[in-house]
Amino acid sequence: LYEATKAADAVAELKASLKPSAQVKRDGAWKNVDAKYLVPGDLVALSLGAAVPADCSIKEGTVDIDQAALTGESLPVTMNAGECPKMGSTVVRGEVEATVEATGADTFFGKTAMLINNASGGLSNVQLVLLNIMVVLMVLCIALCGTAFFYLIFRMKEDIPDALSFAVVVLVASIPMAMELVTTSTMAIGSHTLAGMDAIVARLSAIEDMAGMNVLCFFKKRNLPFNKKVIQKKYPTFFE
């Protein structure tokens with residue numbers, strides 16, 4: 001519990017340090033506010049180097065938007081009046097005013113994040129393994145306790161209370177109480193090792209999930225993780 005709480009606190013601290021802000025016009029004056037306080041209809045300024053705080057509609061002018069975080073494309077996209085830059089993208093050239101159309105979970109980025117969360121809401125691989133082990137052990141424990149109980153009554157001629165007490169002791173002794181503790185401690189050691197490599201583990205079970213990967217696929221090959229194009233093969237157009 002301590003390691004899981006510590007990992008969650010680290011993620012929360014990282015999110016707080018990356019909290020986006022927006023330049024919004026309210027009451028006739030421009031103000032810098034936290035992006036989470038934006039509402040549809042607000043007028044925001046999209047300037048060079050600023051992150052787009054919400055899904056917006058450009059009023060007038062031209063601006064270049066880097067959408068690598070959303071699409072994986074390394075080249076910026078030029079947008080004109082009426083077009084809609086998405087939250088999560090970055091302005092790389094120009095400065096325009098735009099009207100907020102959607103915020104939070106209603107944005108393109110927010111809907112994508114919700115789909116990912118819904119898809120990953122099941123039990124992790126290590127939890128499934130532990131659950132299967134527990135089911136098998138419980139069946140064996142019940143069978144062993146039942147055998148001991150009936151053997152003491154019909155073969156050893158023991159009293160029912162004494163036989164029942166012995167069966168309960170066998171059942172309690174057969175429960176693997178240290179299994180979860182050992183598994184959590186092992187993953188906690190892995191979390192400390194990854195922390196030394198500047199990696200933040202949000203869930204301890206994610207360590208085992210990553211260890212069980214055979215193939216890791218990235219969209220658009222190298223564009224998404226590196227945000228740049230790489231020549232894979234050279235095809236000369238002429239020969240001397």
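Close amide H pairs (under 5 Å, H built 1.01 Å from N) link Val77 with Ile65, Asp66, Gln67, residues at least 5 positions away or on another chain. Close amide-amide hydrogen proximity is noted between Val52 and Gly88, Ser89, Thr90, Val91, each under 5 Å apart and 5 or more residues distant or on a separate chain (H modeled in the peptide plane; Pro and chain starts excluded).
Sum up the charges of everything whose Cβ sits under 12 Å from the Cβ of Gly61, counting Lys and Arg as +1 and Asp and Glu as -1, but leave Gly61 out.
Values: positive: Lys59, Arg93; negative: Glu60, Asp64, Glu83, Glu95, Glu97.
It works out to a net charge of -3.
3J(HN,Hα) along the stretch 31-41: 9, 8, 10, 5, 4, 6, 8, 6, 10, x, x Hz, from the Karplus curve 6.51 cos²θ - 1.76 cosθ + 1.60 with θ = phi - 60°, whole Hz, x for Gly and Pro. Largest accessible area first, the residues Met79, Met197, Met213 order themselves as Met197, Met213, Met79 under a 1.4 Å probe with ligands, DNA and RNA left out. Using the Karplus relation 6.51 cos²θ - 1.76 cosθ + 1.60 with θ = phi - 60°, the per-residue 3J(HN,Hα) values for the stretch 184-193 come to 5, 5, 5, 5, 5, 5, x, 5, 5, 5 Hz, with x marking Gly and Pro.
Protein chains only, probe 1.4 Å: how do Ser89, Ser185 rank by accessible area, largest first? List each step's numbers first, then the result.
Working: Ser89 0, Ser185 55 Å².
I get Ser185, Ser89, largest accessible area first.
If a spin label sat at a point 7 angstrom from the Cα of Thr71 along the line to its beta carbon, the backbone N atoms of the stretch 34-54 nearer than 16 Å would be those of 52.
Counting only protein heavy atoms and using a 1.4 Å probe, the accessible area of Leu75 comes to about 110 Å².
Across the stretch 57-64, rounded Karplus estimates of 3J(HN,Hα) from the backbone phi angles (6.51 cos²θ - 1.76 cosθ + 1.60, θ = phi - 60°) give 10, 5, 7, 7, x, 10, 8, 9 Hz, Gly and Pro being marked x. For Ser21, the residues whose amide H sits under 5 Å from its own are Ala35, ignoring neighbours fewer than 5 places away on the same chain, with H placed 1.01 Å from N. Counting only protein chain heavy atoms and rolling a 1.4 Å probe, the accessible areas of Phe166, Phe149 rank, largest first, as Phe166, Phe149.
The values are calculated or read from the model by the stated rules, or taken from the named source; none is laboratory data. All figures in this text were calculated on a predicted structure; none of them were measured in a lab. Using ideal geometry, Cβ is built from the backbone for each residue, glycine included, and neighbour counts are taken over all protein chains shown. Just so you know, the surface numbers come from the protein's heavy atoms only, side chains and all, with ligands and any DNA or RNA stripped out. Shrake-Rupley method; radii C 1.70, N 1.55, O 1.52, S 1.80 Å.
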